[in-house]
Ligand SMILES: Nc1ncnc2c1ncn2[C@@H]1O[C@H](COP(=O)(O)OP(=O)(O)O)[C@@H](O)[C@H]1O
Ligand SMILES: [Mg+2]
């Protein structure tokens, strides 16, 4: 009996072995000594918003360490660490002021495959290049984001390293600091996930009659835990599971901003509309239960736009009409560069050199910078407006 069913376990095992092989290939120490991306002086100056001269002068007068040594007359360029130090020394850090609340952005849509993890990871790395301090929280037991950060959720991550010990019905952790891990990026940390995080859903579903109050307490807990952690960062990115479950709900109310990715296809449009009406009902219920859900901004972003596909242009028009200014004007273009980078468990921002043609790479990178820049602008604006007055301003007024 069940010979085909026993095959499921074999398929899963063979698949796991393959993932580990791919990961080892992508992360073999000699292939990937930390983060290999480097920036030329012109790029560095542009990122910092200063002249190349200003950098050279600071290198000459010793405020900055000397420029990285040249090899065969070619400059290896500045690393992210180098850039971060440059920002500090030259007063070009984008870090929020202490009184500005950290942005806690949930990248959510209940449909799978709409680009949530792709947007989360690329946004994290884009913002890291801009010099922000970033925390990524993988709340999805499918753990795509964890994988894209170079962990194998099956082999390298235990349940105790995920949100589980904090959210479990019998919690063994009282705050979230235990779960924060370093990534190859000096200014990006991650709370990873793996399949066992799903146990939280089972446990809370089994809580029965007490369910309601247990849920409410879990919601408050996640919000508090993330807020405590967020004090060490400028921006926290949450990648929730693609379903209306406990974790998903907890994430939605712990966030203070919402980014909804969707592709320019009819199924994505329809499920996004469904997602929005579910969200509306759920937030009303939460508010009734005394759990406030408040967002500084809600935006939709088209996550895989193919300009050469007429159907994409048509669906995009429908999206524009339906969502108006809530749809970010610049879509993320569908690009083989992104899927190829994903195969290496990387984002575009981690590639040392193009995978496809330089032209394809450049177009993809430029588009991502512009698309992600829209979200950076929203965050900066929320600080501009939401920031409480500084003490000296009040005193001098
Ligand atoms: N702009 C893009 N261009 C090409 N492929 C993309 C793009 N965005 C997402 N993808 C691919 O689509 C698939 C689903 O994306 P993913 O981010 O995992 O979605 P989700 O997290 O919503 O399930 C992945 O294989 C990813 O590499
Ligand atoms: Mg995902």
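If r is the Cβ-Cβ distance from residue 374 to residue 99 and R0 is 25 Å, what FRET efficiency results, to the nearest 0.05?
The pair residue 374/residue 99 has a calculated efficiency of 0.50.
Taking the Cα centre of each part, how many Å lie between region 313-384 and region 155-222?
Using only Cα atoms, the two centres lie 30 Å from each other.
Expressed as a rounded percentage, what relative contact order does the chain have, with Cα pairs under 8 Å and six or more residues apart? Before the final figure, lay out the partial values.
Values: 599 pairs, mean separation 75.0, N = 397.
This gives 19 percent for the chain.
I want to make sure I understand the PRE zone here: with the label point 7 angstrom from the Cα of residue 224 toward its beta carbon, which residues in region 129-166 have backbone N atoms less than 19 Å away?
Once the point is set 7 Å along Cα→Cβ of residue 224, 163-166 turn out to lie under 19 Å by backbone N, inside region 129-166.
If the chain between residue 42 and residue 309 were fully stretched, how many nm would it gain, using 0.36 nm times the residue separation less the Cα-Cα distance? Show your work: numbers first, answer last.
Values: separation 267, 0.36 × 267 = 96.12 nm, distance 3.58 nm.
Extending this stretch completely gives an extra 92.5 nm.
How many nm is it between the label spots at residue 207 and residue 353, if each spot is 7 Å from the Cα in line with the beta carbon?
5.4 nm
Mean-square fluctuation check for the chain, GNM, Cα pairs under 10 Å: which of 17, 299, 218 is largest?
With Cα springs under 10 Å in the chain, the top fluctuation among 17, 299, 218 is at 17.
Compute the whole-percent fraction of alpha carbon pairs in the chain spaced more than 37 Å apart. Walk me through the numbers on the way to the answer.
Numbers: 19773 of 78606 pairs.
Roughly 25 percent, once rounded to a whole number.
For region 103-388, give the share of DSSP beta bridges that are antiparallel, in percent and rounded to the nearest 5; count only bridges with both residues there. It would help to have the intermediate numbers written out before the result.
Numbers: 2 of 26 bridges.
Antiparallel bridges: around 10 percent, rounded to the nearest 5.
What FRET efficiency do you get for residue 216 and residue 7 if R0 is 45 Å and r is their Cβ-Cβ distance, rounded to the nearest 0.05? It would help to have the intermediate numbers written out before the result.
Details: r = 43 Å, r/R0 = 0.95.
Efficiency at R0 = 45 Å is approximately 0.55.
Just from its helices, what would the mean residue ellipticity at 222 nm be for the chain, if runs of 4 or more DSSP H residues each count -39500 (n - 2.57) and the sum is divided by every residue, rounded to the nearest 500 deg cm²/dmol? Can you show the working numbers first?
Values: 15 runs with 191 residues, N = 397.
Dividing the helical sum by the residues of the chain leaves -15000 deg cm²/dmol.
Read the figures in this text as sums done on the coordinates, not as results from a lab. Here the structure is a predicted model, which means the values were calculated and not measured. So basically every Cβ, Gly included, is an ideal-geometry build from the backbone, and we count neighbours across all protein chains shown.
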